[in-house]
Structures are given as C-alpha cells and as structure tokens.
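Beneath this line is the structure, given in structure tokens, with notes to follow.
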Amino acid sequence: MALITLRKLLDQAAVGGYGVGGFNVNNMEQIQAIMEAAKETNSPVILQASRGARKYANDRFLYHLMMAATEIYPEIPTVLHQDHGSKEACMSAVDMGFTSVMIDGSLLEDGKTPSPYEYNVNVTKEVVAYAHAKGVSVEAELGCIGGIEDGAGIGEGANNFLTDPDQAVEFVKETGVDALAVAIGTSHGVYKFSKKPDHGVLVMERIIEIHKRLPDTHLVMHGSSSVPQELLAMINQYGGQIKPTWGVPIEEIQLGIQHGVRKINVDTDTRLAITAAIRKFFIEHPEKFDPREYMGEARSFNQQVVADRMRAFGQAGHGGDFK
Ligand code: G3H
Ligand code: 13P
Ligand code: ZN
C-alpha cells in the first residue's frame, strides 16, 4: 500500500484542506531524512527526482533507493514523482514505475526557452495519454517559474511570466492534467527576493483567482523554499559566502493552501540544511574524516527542515488517511 499516485494523495489533501511538500531527492540520505520526517510527523510523502537527480545518482540507483524506502516504511503513503520532466523523461519515469510525472511543457526541449502555448498543450496531452493509460498521475505547468526557467532568477519583476487564469481554465480542459503548477512570482534556487517579499512581488491573488475558476484542479507551488535566515547565518558563520536573500514566507504558502494549493515544492531549503550541517561539522571537528559522521549530521538537519515543513503545510497527522 505504500506506493500511491499523486492524484490519490492530492484528492485526499483537498478533502482534508491541507498541502503536501514535494521534496527533491538525489541520494540515500535525503530519502532517509524525508521518510524519517514523515514517520516523526505521521505524514504522507512525495519523493521527487529531477532529470539532474536521475543523471547524478543513475536512474536505477535512485529508483531502487526510493523503492527501498517504500519497503522499509510500508505504512507511509508515498508518491514517486518526476520533477520538471521532458516528454522523454516522463515516459521513462512511467516505464520505470514512478506513480506521478511532471511534464514541464512551459519550456522547449532545451529546458530553457519559454515555449508557445500550443507546444505546451500538445506535449502535455501526449504525456497525459501515456501516463494515464498506465495509471500514473500528471502535473503540468503554465507560465514560467523563475530561476532555472529563465536563466536569471526572476523572483522579482516576473510579471510577464505569470499564469493567466483564463488560459489556465482552457489548458486544464484541453489536457486533462491532475495538477497544475502555476507561476505567481516564485523562482527556483536560493536567490529569490532581495527583501521579505510583499504582495506586489509574490502574486498570491493569482492563486485565488485561478482556484475560483478551477476549484477541482490541484494547484502546485514551485520555488517554494523559505530560505531560513538561521541556515544562511550558519553557513556563512562556518565559511560559506551566500549573499543576503529571502525566500517564500510560510504564511504565504499557508494562504495558498487555503485557496487550492495542494503540492509545495521544496529543494533549496534541504540543500541549505545539508550544507549548514556539513560546514559546521568540518569546522568544529577538523580531525574527523568518517563520512558517516558528517553525512549523518546532514541527514538530521535535512529531516528537521522537512518535518517543520510537513507540520506547516498541514500534512502532519494525515499518514493514515489512505487505508
Ligand atoms: O526545480 C528544480 C529543483 O530544485 C531541482 O533542481 O535540476 O538541480 O536537480 P536540479
Ligand atoms: P526551491 O528551489 O525553492 O526549493 O524550489 C524547488 C522546486 O520548485 C522543485 O521543482
Ligand atoms: Zn520546480
């Protein structure tokens, strides 16, 4: 029972009025950290792998590590999700046994250039047909999320790329997707905002507007790391050089959850947690060299951030909803 589809998870999250974090994984420790956080908080889980993660770890390694997690934690409802896939990546993920894929047709095949609307509709429809035939859920994206998608980190001043609510209605009708990632001014990576974002920058009204028109479509927020100031301070205290930056405030995400956001993607925050732990460990223990010690510290920090997000998004306590 451990493996479930994104559709099943988000349908239930909509009934319960909560959101679920989509946490990126690249290696064993990150997977262990997320599963332990889920156990600690009694949460359902979305483990998501980008194309870069699959390349880094090798498809087979990553898939079997995630499957090992479902064997070890059979009581935790778990979605295996492809993050930001091309058509090819989505199809191979379906063939491998993922239970959900994100087709990112907002960009052309190069993964960089914003695509025409028709291209996005067509490629999404192809992936929906392929995935749904095998019982796999599909997330798609409309509009452009900054950072990896514009090459420049457009958290601020991203207006041209925001999701158009009318187009969102048409897109969902034409493609039949299970979940829709919307662009509301967030961006991927650590450099999102040069100060705590206000309503002019992070356009939560778009979410409210889109949800009003598409009340049955699960909305997804990408680029939703909160970039904790204490992790930045710790990294810099121990030799890091990250410039001042702010992420997406948790209260804005919670507002989104009240208006149809069901999946919240977080990668940068766990990267920061891992880096903070390892930097601190190396400075405090220059004599040590056993990777299990510093990777173990990194895993604990990663778990802590994920458990915090699970509580904040409301998925905590809902691990038993899927029996
Ligand atoms: O959407 C971006 C995620 O943070 C994954 O990043 O492509 O470097 O694995 P990545
Ligand atoms: P962050 O870079 O804000 O963690 O966003 C991750 C993401 O959207 C993965 O798809
Ligand atoms: Zn993303």
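The values are calculated or read from the model by the stated rules, or taken from the named source; none is laboratory data. Just so you know, these numbers come straight off a predicted model, no measurement behind them. A quick note on method: Cβ atoms are made from the backbone with ideal geometry, for glycine too, and the neighbour counts reach across all protein chains shown. Calculation scope for accessible area: heavy atoms of the full protein, side chains included, ligands and nucleic acids excluded. Shrake-Rupley method; radii C 1.70, N 1.55, O 1.52, S 1.80 Å.
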Any hit, the range 36-44, residues being outside any helix (DSSP H, G or I), of a type in the set (A, V, I, L, M) and modelled with pLDDT of 95 or more: no
Residue identified as modelled with pLDDT under 95 and open to solvent by less than 30 Å² (accessible area, probe 1.4 Å) among M221, M204: M204
Subset tally (residues that are of a type in the set (A, V, I, L, M, F, W, C), within 16 Å of ligand 2 (Cβ to nearest atom) and farther than 27 Å from M310 by Cα) for the range 97-132: 1
Test: R7 is assigned to a helix (DSSP H, G or I), among the basic types (K, R) and touching a strand residue (DSSP E or B) at 6+ places or on another chain (Cβ under 7 Å): yes
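Yes/no per residue for (1) closer than 15 Å to Q30 by Cα; (2) free of Cβ contacts under 8 Å to residues at least 24 places away in the same chain; (3) more than 16 Å from ligand 2 (Cβ to nearest atom); (4) polar (S, T, N, Q):
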{"position": "Q48", "(1), (2), (3), (4)": "yes, no, no, yes"}
{"position": "A53", "(1), (2), (3), (4)": "yes, no, no, no"}
{"position": "F61", "(1), (2), (3), (4)": "yes, yes, yes, no"}
{"position": "L65", "(1), (2), (3), (4)": "yes, no, yes, no"}
{"position": "P74", "(1), (2), (3), (4)": "no, no, yes, no"}
{"position": "P77", "(1), (2), (3), (4)": "no, no, yes, no"}
{"position": "S86", "(1), (2), (3), (4)": "no, no, no, yes"}
{"position": "S92", "(1), (2), (3), (4)": "no, no, yes, yes"}
{"position": "D95", "(1), (2), (3), (4)": "no, yes, yes, no"}
Lone unmet requirement of (1) within 17 Å of the chain's Cα centre (by Cα); (2) free of Cβ contacts under 8 Å to residues at least 24 places away in the same chain for T113: (1)
Matching residues, the range 91-134, being in contact with a Ser or Thr (Cβ under 7 Å, 6 or more places away or on another chain) and open to solvent by 40 Å² or more (accessible area, probe 1.4 Å): L108, E109, P114, K125
Residue that is nearest to S225 (Cα to Cα), among those in the range 15-32 that are within 16 Å of ligand 1 (Cβ to nearest atom), in contact (Cβ under 8 Å) with a residue 40 or more places away in the chain and of a type in the set (A, V, I, L, M, F, W, C): F23
